[in-house]
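The values are calculated or read from the model by the stated rules, or taken from the named source; none is laboratory data. Note that the structure is predicted; figures quoted are calculated from it, not measured. Here Cβ is always computed from backbone atoms with ideal geometry, including for glycine, and neighbour counts include all displayed protein chains.
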Amino acid sequence: MTATLAAERVAPARPVSVPRAYRFELVKLVSQWRIRLLVLACWIVPALFVAGVSVQSTLPSDTLFGRWMHATGWAGPLVVLGFAGTWALPLLTSVVAGDVFAAEDRLGTWRHLLVVVRSARRIFVAKTLASLTVIGLLVAGLAVSGAVGGLLAVGDQPLVGLDGHLLAPSDAAVKVLLAWVAVLAPTLALAGIGLLGSVTLGRSPMGLLLPAVVALAMQLAQMLPLPLAVRLALPGYAFIAWNGLFTSPGQVGPLLIGVAVSLAWALTATVLAYVLFLRRDFTDLGYDGSGRRAVTAGLLPLVGLLAVSAAVIAPATGVSGSGIEQDKVQHSLAT
């Protein structure tokens with residue numbers, strides 16, 4: 001009788017809540033030495049770089065705003081942004097989002113995690129939110145550090161726009177902030193691709209490198225004379241479209257298109273990763289990714305999204321060909 005009453009008092013096992021799982025995954029990420037090193041570097045190195053370059057006689061004049069680093073502190077975060085969009089952000093998303101699921105495969109801890117959390121859906125949501133939190137912290141560090149270093153070294157002076165007009169310090173501050181906020185969209189797209197690669201490729205190193213490889217491919221595509229609609233349909237276009245904020249009048253149309261396309265890529269890649277994660281057989285201890293599934297359920301939907309986006313953008317822009325015309329080039333060079 002006593003044993004029966006004791007059994008009736010035992011509460012049924014319930015899945016761990018998403019907030020608790022999120023805190024657990026966030027602590028796991030932050031406890032890694034490489035993540036801590038990246039956070040420290042993103043919050044310190046840009047300030048040291050901008051402050052050091054601002055007092056040098058030689059400036060990075062091959063960048064859009066590098067020649068003004070002696071004149072205003074607001075040029076520094078824009079130089080950092082140009083470098084971050086090309087190299088830093090793709091690599092950061094690879095290290096964080098591209099490894100958040102693959103780490104469990106390398107350590108063989110999926111069964112233990114499922115026993116504790118009791119829900120694959122909650123595990124995916126918690127890992128995704130934790131990785132996005134860390135990526136947001138890294139991006140914020142790059143932006144704040146670059147701005148602080150420039151303002152301390154040079155000061156709050158007017159900024160010269162791309163077409164030669166002066167931006168008041170308050171206007172420059174707002175546009176610098178908007179530029180950094182805008183690049184969050186393509187960063188989220190790369191993060192979604194990283195999550196997809198981490199889920200589908202398992203312990204394969206390609207899953208870790210996927211966001212960086214995709215970012216490099218998109219940069220090469222922007223250099224080629226591809227149709228304008230195709231280049232706008234790539235999420236990497238938003239990494240350069242923020243330059244339109246610093247013209248008079250501002251060219252915000254391409255930037256808004258780039259942000260919208262990037263968010264569509266981020267949502268699609270994350271949903272694909274979620275579906276594939278729920279379909280995975282966690283009892284297979286030798287699982288090492290599925291290249292066939294990565295192509296059929298990962299790559300092909302993204303290629304389809306690119307085609308649909310280009311088909312929608314082409315009539316909206318009204319520009320045929322690459323969008324690079326002789327009159328535009330001559331006018332830009334004259335300016």
Reported set for the range 184-236 where residues are within 16 Å of Pro254 (Cβ to Cβ), in contact with a helix residue (DSSP H, G or I) (Cβ under 6 Å, 6 or more places away or on another chain) and in a loop (DSSP other than H, G, I, E, B) is Ala233, Leu234
Checklist entry - Do we find that Ser290 is at pLDDT below 90 and of a type outside the set (Asp, Glu) in this structure? => result yes
Counted residues in the range 51-74 being part of a helix (DSSP H, G or I) and either at pLDDT 95 or above or in contact with a Ser or Thr (Cβ under 6 Å, 6 or more places away or on another chain) (or both) come to 1
query: So is Arg118 among the charged types (D, E, K, R), free of Cβ contacts under 8 Å to residues at least 60 places away in the same chain and farther than 19 Å from Leu38 by Cα or not?
result: no
Phe101 meets each of (1) among the aromatic types (Phe, Trp, Tyr); (2) more than 27 Å from Ala241 (Cα to Cα); (3) free of Cβ contacts under 8 Å to residues at least 24 places away in the same chain with one exception, condition (3)
- Message: Can you confirm whether Leu178 is over 30 Å from Leu299 (Cα atoms) and either within 20 Å of the chain's Cα centre (by Cα) or hydroxyl-bearing (Ser, Thr, Tyr) (or both)?
- Response: yes
Within the range 35-45, the residues that are over 18 Å from the mean Cα position of the chain (by Cα) and either in contact (Cβ under 8 Å) with a residue 40 or more places away in the chain or assigned to a loop (DSSP other than H, G, I, E, B) (or both) are Ile44, Val45
Can you confirm whether the range 153-166 contains a residue that is buried (at least 17 other Cβ atoms within 10 Å of the Cβ), hydrophobic (A, V, I, L, M, F, W, C), touching a residue at least 60 places away in the same chain (Cβ under 8 Å) and touching a Phe, Trp or Tyr at 6+ places or on another chain (Cβ under 8 Å)? yes
Restricting attention to the range 28-54, the residues that are within 14 Å of Ala103 (Cβ to Cβ) and not basic (Lys, Arg) number exactly 6
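Test Ala316 against the stated conditions and say whether it is touching a Leu at 6+ places or on another chain (Cβ under 6 Å), assigned to a helix (DSSP H, G or I) and modelled with pLDDT of 70 or more.
no
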Inside the range 237-278, the number of residues satisfying the requirement of being farther than 16 Å from Ala185 by Cβ, in contact with a Gly (Cβ under 9 Å, 6 or more places away or on another chain) and either of a type in the set (Phe, Trp, Tyr) or in a helix (DSSP H, G or I) (or both) is 5
When restricted to Pro249, Pro225, Pro254, the only residue in contact with a Phe, Trp or Tyr (Cβ under 9 Å, 6 or more places away or on another chain), of a type outside the set (Lys, Arg), modelled with pLDDT under 95 and farther than 25 Å from Arg121 by Cα is Pro254
Considering residues that are under 11 Å from Phe282 (Cα atoms) and not charged (D, E, K, R), the number found within the range 107-121 is 7
Here, helices (runs of 4 or more DSSP H) confined to the range 76-152 with at least 1 residues that are of a type in the set (Val, Ile, Thr) are 89-96, 110-117
How many residues of the range 10-26 are modelled with pLDDT of 80 or more and part of a loop (DSSP other than H, G, I, E, B)? The answer is 2
In the range 46-95, anything closer than 14 Å to Leu142 by Cβ, crowded, with 16+ Cβ neighbours inside 10 Å and over 19 Å from the mean Cα position of the chain (by Cα) is listed as Ala47, Phe49, Val50, Gly76
Per the list (1) modelled with pLDDT of 95 or more; (2) part of a loop (DSSP other than H, G, I, E, B), residue check on Asp281 breaks on (1)
Cβ pairs under 9 Å, 6+ apart or interchain, first in the range 248-268 and over 17 Å from Ala229 (Cα atoms), second charged (D, E, K, R) and surrounded by fewer than 21 Cβ atoms within 10 Å (Cβ to Cβ), ordered by first then second residue, are Ser248/Asp163; Gly250/Lys175
In the range 118-167, anything within 30 Å of Phe24 (Cβ to Cβ) and of a type in the set (Gly, Ala, Ser) is listed as Ser119, Ala120, Ala126, Ala130, Ser131, Gly136, Ala140, Gly141, Ala143, Ser145
